[in-house]
1. Report Rg/Rh for the stretch B:5-101, rounded to two decimals, where Rg is the Cα radius of gyration and Rh the Kirkwood radius.
2. Quick one: what are the phi-derived ³J(HN,Hα) couplings along the stretch B:13-21, Karplus 6.51/-1.76/1.60 with θ = phi - 60°, whole Hz, x for glycine and proline?
3. Give me the extension gain from B:Trp78 to B:Asn33: residue separation times 0.36 nm, minus the current Cα-Cα distance, reported in nm with one decimal.
4. Which value in deg cm²/dmol, rounded to the nearest 500, describes the helix-derived mean residue ellipticity at 222 nm for chain B, given -39,500 (n - 2.57) per DSSP H run of n ≥ 4 and division by the residue count?
5. Trypsin sites (Lys or Arg not before Pro) within the stretch B:1-76: which are DSSP loop residues with at most 13 other Cβ atoms inside 10 Å?
6. Per DSSP H run of at least 4 residues, take -39500 (n - 2.57); add these up for chain A, divide by its residues and hand me the 222 nm value, nearest 500 deg cm²/dmol.
7. How fast does the protein assembly as shown diffuse by Stokes-Einstein, in µm²/s, taking the Kirkwood radius from C-alpha pairs at 4 °C and 1.567 mPa s?
8. Round to the nearest 10 and give me the degree value, 0 to 90, for the angle of helix B:34-52's Cα axis relative to the longest principal axis of chain B.
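Any read-out appearing in this document is the output of simple, stated calculations on the displayed coordinates, not a laboratory observation. Since the structure is predicted, the reported quantities are computational estimates derived from the model, not experimental observations. Note that we place each Cβ from the backbone using ideal geometry, even for glycine, and neighbour counts take in every protein chain shown.
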Amino acid sequence: MTDQTDTAPGYDRGKVIREGIRDGIPIGLGYFVVAFSLGIAAKIAGLTPLEGFIASLLNNASAGEYAAFTLMAANASYVEMAIVTLITNARYLLMSTALSQRFSPKTGTLHRVLVGFDVTDELFGIAIARPGMVDPFYSYGAFIPALAGWSTGTALGIVMGNVLPGRAVSALSVALFGMFLAIIIPPARENRVVLGCVIVSFAASLLFSVVPLFASWSAGTRTIILTVVISSVAALLFPVSDDKLEQ
Amino acid sequence: MQHSIPIYIAVMSVVTLSVKILPLTLIRKPINNRFIRSFLYYVPYVTLAVMTFPAIVQATDAPVAGAVALVVGIVAAWNGASLFQVAAACCALVFVLELILV
């Protein structure tokens with residue numbers, strides 16, 4: 001592994017930032033479309049465009065924000081908001097932990113905080129896909145189109161959501177779920193245990209939404225309980241080998 | 001009681017940013033507990049799967065359109081379509097199906 005620091009000979013910080021921007025543009029475009037449908041959920045929860053912009057700037061997290069806006073619409077407690085946000089974003093604990101193993105020991109705390117600020121499935125993916133140590137400046141470049149697309153998309157979804165025809169809103173409302181499928185299905189194809197987890201999760205979620213006892217719980221509570229139970233059982237029955245976690 | 005949206009946003013932001021920033025900043029060694037590592041490995045897939053179904057079927061005006069979008073989204077992602085392509089395909093499909101169904 002090479003240690004990429006700004007003092008290394010031949011290192012061109014501007015070039016690295018431009019590479020990050022280039023790789024971040026398709027991500028930002030995809031985020032814009034998905035964030036637009038997230039904005040529709042935010043509008044239902046009563047957020048103004050500015051509030052949606054700020055929420056998305058500080059929480060670049062599709063599932064977490066969608067769950068949070070649903071809770072706001074249901075007038076949930078702040079404690080429930082904190083727990084559901086923690087659970088729906090728990091995967092970033094793993095990604096942030098994985099990134100910590102790919103940082104040069106020389107990288108200072110400020111760079112770690114700034115790179116951590118915008119850990120997402122896609123930005124994490126392109127950062128660790130590069131050889132060697134993670135270069136914070138590559139990530140900063142990628143953050144620019146990603147955050148711009150995500151935040152303005154959310155604000156525009158709030159502004160435009162109610163001027164769009166009903167059938168357009170209905171169609172856009174599945175964009176988020178499409179994004180979730182694009183995240184969970186490729187690993188499920190590669191790993192039978194993940195595939196099993198997805199199938200069990202679908203079935204259990206359906207069961208919990210129709211059985212009266214469980215259906216009376218909030219969607220957030222059902223998500224927490226199912227996630228903890230199914231992931232724990234999977235971890236006990238099928239502990240993951242270390243080399244798999246490095247991927 | 002009615003809750004405040006700015007406080008909601010503050011709570012979710014503090015939690016999200018802590019989750020993203022603290023491990024990267026504080027952990028300088030690998031986590032050795034195999035159960036915790038395995039649990040964290042499975043969490044994203046389980047959470048997203050639970051949130052996707054049956055919600056996708058309930059989100060559309062015609063439940064059949066949402067169900068077809070689910071199947072097509074799975075097939076597209078299985079065959080390597082990008083995040084943007086899967087999301088766009090699901091939207092386009094629901095739009096066209098509901099022109100016929102609704």
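1. A ratio of 1.12.
2. 5, 4, 5, 4, 5, 5, 4, 7, 8
3. Length gained between B:Trp78 and B:Asn33: 13.0 nm.
4. -26500 deg cm²/dmol
5. Taking the stretch B:1-76 and a limit of 13 other Cβ atoms within 10 Å, the loop trypsin sites (Lys or Arg not before Pro) found are B:Arg28.
6. About -24500 deg cm²/dmol.
7. D = 63 µm²/s.
8. Approximately 30 degrees, to the nearest ten.
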